[in-house]
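For reference, the structure discussed in these notes is given below.
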Amino acid sequence: MRIQHIETMACDAGWRNYHYLKVVTESGIVGWAEYDEAYGTPGLTAVLEKLAPRLIGKSVMNHEVIYGELGALLQPAPDGLSAEAQGAFENALLDAKGKHLGVPCHELLGGKHRDAIPVYWSHCATWRIAHPTHYEPPIHNLAGVIQAGKDAQALGVSAVKTNLFYDVNDNPRQYLAGFGNPYAPALNFDKTLFRNVTEHLLALREGLGPDIEILIDLNFNGRTESFVKMIEALKQFELFWVELDLYSPQGLAYIRQRSHAPIASCETLFGIRQFLPYLQAQSMDVAIIDAVWNGTWQAMKIAALADAFHVNIAPHNFYSHHATVMNLHFAAAVPNLRVMETDIDRLPWDDELVTYVPRVVNGVIQVPDAPGWGCDPIEEKLRAHPPQQKSPGF
């Protein structure tokens, strides 16, 4: 089952593009993987297209060998786009291998520990505030945040995650200094932000009722001192976790030691070598793993490493439905799963793009048992929504 042809595809996803890798074998079996250019450095498509000729003629059954050969080739620059390219190829090869063998990918990963995956509503209220032209109903004040909480309660999810905002009472705007919006490199939180985030969470709690858990994502938006102060400012809330990103295992461990809530982190790391110092430093309660970036086979290795340190994992998943299904197989196969991220607010055409749409029912998504991922992008639907030519992102 050798690789005959490789191509990339993309489509419009509102404020970003969705990207897909297609691997065609000599037997006609097609393996698919979603990859991403909106969260991180753009240019991954060019890397994939440059590397693709090296895979022609190789067997999809040998995905670990292919991953290793690519790793050797990319050794001088092993992370970032290099690792994301390896991960995308690996995920497409797993899909093709599963289809060839007639088994779902979770069987290739060792079998499923669970038939249904508990999920939380990611970017609850966030997308309706940050991208009001794409997600309805748009939020312009705290009344809209309360309604988002009520929508989560009606859906039956057990937890929601939201983000940081200024001006929550009148025309709220997301605080993303860690991503240069606004550009404020000192990354210092102020009392106004503390007050706004508190009001936002109180409104969300009003809509959610008393039982649905709240997670908050601080992203890269602060430094060690700012994160500690923000967590202290939110001490009145019994948070499911505080999520944040910090490229210092010791700094993250310092924050965890001073937090009243569990700490989740590491969604931007690659491979066991990058995760190891964070686990050794006991930096987080939950390790967030991006299987789209790392490749699902490699993500299983990271999860096993976390398990050795008695740490649960959570898949990082804020892409299209295809990536959600990929992550369902990953979440089913790992023993140490905490919960899985998924977006509920969706574009009007999201459901049209794939052959299988995962649905949240009573706070869980069922794991598909069709061969491979059990979900393929539909090429004519992708072409019906041509990708934006600008550089989309946050």
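Observations on the structure shown:
- Pairing each residue of segment 4-22 that is under 13 Å from Tyr319 (Cα atoms) with any residue that is assigned to a strand (DSSP E or B) and polar (S, T, N, Q), provided the two are 6+ apart or on different chains, yields C-beta distances under 8 Å for Ala10/Asn17; Cys11/Asn17; His19/Thr8; Tyr20/Thr8.
- Residue in segment 87-104 that is closer than 30 Å to Gly31 by Cβ and in a loop (DSSP other than H, G, I, E, B) present: yes
- Residue count for segment 322-340, restricted to those that are crowded, with 24+ Cβ neighbours inside 10 Å and either among the acidic types (Asp, Glu) or closer than 26 Å to Asn163 by Cα (or both): 10
- Residue list for segment 179-203, filter: on the phi > 0 side of the Ramachandran plot and exposed (fewer than 13 other Cβ atoms within 10 Å of the Cβ): Gly180
- Matching option when the condition is crowded, with 21+ Cβ neighbours inside 10 Å, under 25 Å from the mean Cα position of the chain (by Cα) and of a type in the set (Gly, Ala, Ser), among Ala116, Ala148: Ala148
- Extreme residue, nearest to Lys301 (Cα to Cα), among residues of segment 62-118 that are of a type in the set (Val, Ile, Thr) and in contact (Cβ under 8 Å) with a residue 12 or more places away in the chain: Ile66
- Total residues in segment 16-34, condition over 16 Å from the mean Cα position of the chain (by Cα) and under 29 Å from Glu267 (Cα atoms): 6
- Hits in segment 15-34 - residues which are out of contact with any Ser or Thr (no Cβ under 8 Å at 6 or more places or on another chain) and either of a type outside the set (A, V, I, L, M, F, W, C) or on the phi > 0 side of the Ramachandran plot (or both): Arg16, Asn17, Thr25, Glu26, Ser27, Gly28
- Candidates are the residues of segment 35-54 that are part of a helix (DSSP H, G or I) and either of a type in the set (A, V, I, L, M) or on the phi > 0 side of the Ramachandran plot (or both); the one that is nearest to the chain's Cα centre (by Cα) is Leu44.
- Applying the condition of being of a type outside the set (Val, Ile, Thr), surrounded by fewer than 22 Cβ atoms within 10 Å (Cβ to Cβ) and in contact with a helix residue (DSSP H, G or I) (Cβ under 8 Å, 6 or more places away or on another chain) to segment 16-35 and asking which residue is nearest to Asp350 (Cα to Cα) yields Lys22.
- Among the candidates Arg195, Arg256, Arg223, residue that is in the same structural domain as Gly372 (by TED's automatic domain parsing), modelled with pLDDT of 95 or more and touching a Pro at 6+ places or on another chain (Cβ under 9 Å): Arg256
- Of the residues making up segment 181-219, those that are closer than 12 Å to Asn163 by Cβ and not polar (S, T, N, Q) are Leu193, Val197, His200, Leu201, Leu204, Ile214, Leu215, Ile216, Asp217, Leu218.
- Taking the criterion of being more than 17 Å from Val157 (Cβ to Cβ) and crowded, with 17+ Cβ neighbours inside 10 Å, the residues of segment 204-222 that qualify are Leu218, Asn219, Asn221, Gly222.
- The condition of being crowded, with 24+ Cβ neighbours inside 10 Å and of a type in the set (A, V, I, L, M, F, W, C) holds for only one of Ala308, Ala281, Ala287, Ala304, that being Ala287.
- Ser265 being within 30 Å of Pro78 (Cα to Cα) and either of a type in the set (Ser, Thr, Tyr) or touching a Pro at 6+ places or on another chain (Cβ under 6 Å) (or both): yes
- For segment 380-394, filtering for residues that are loosely packed, with under 14 Cβ neighbours inside 10 Å and under 26 Å from Pro104 (Cα atoms) leaves 1.
- Output for segment 1-52, where each listed residue is among the hydroxyl-bearing types (Ser, Thr, Tyr) and farther than 18 Å from Tyr67 by Cβ: Thr8, Tyr18, Tyr20, Ser27, Tyr39, Thr41, Thr45
- Residues in segment 283-301 that are under 23 Å from Tyr254 (Cβ atoms) and either part of a helix (DSSP H, G or I) or not aliphatic (A, V, I, L, M) (or both): Ser283, Asp285.
The values are calculated or read from the model by the stated rules, or taken from the named source; none is laboratory data. It should be emphasised that the depicted structure is a prediction, and the values quoted were computed from it without experimental measurement. Glycine gets a Cβ as well: all are built from the backbone with ideal geometry, and neighbour counts include every protein chain shown.
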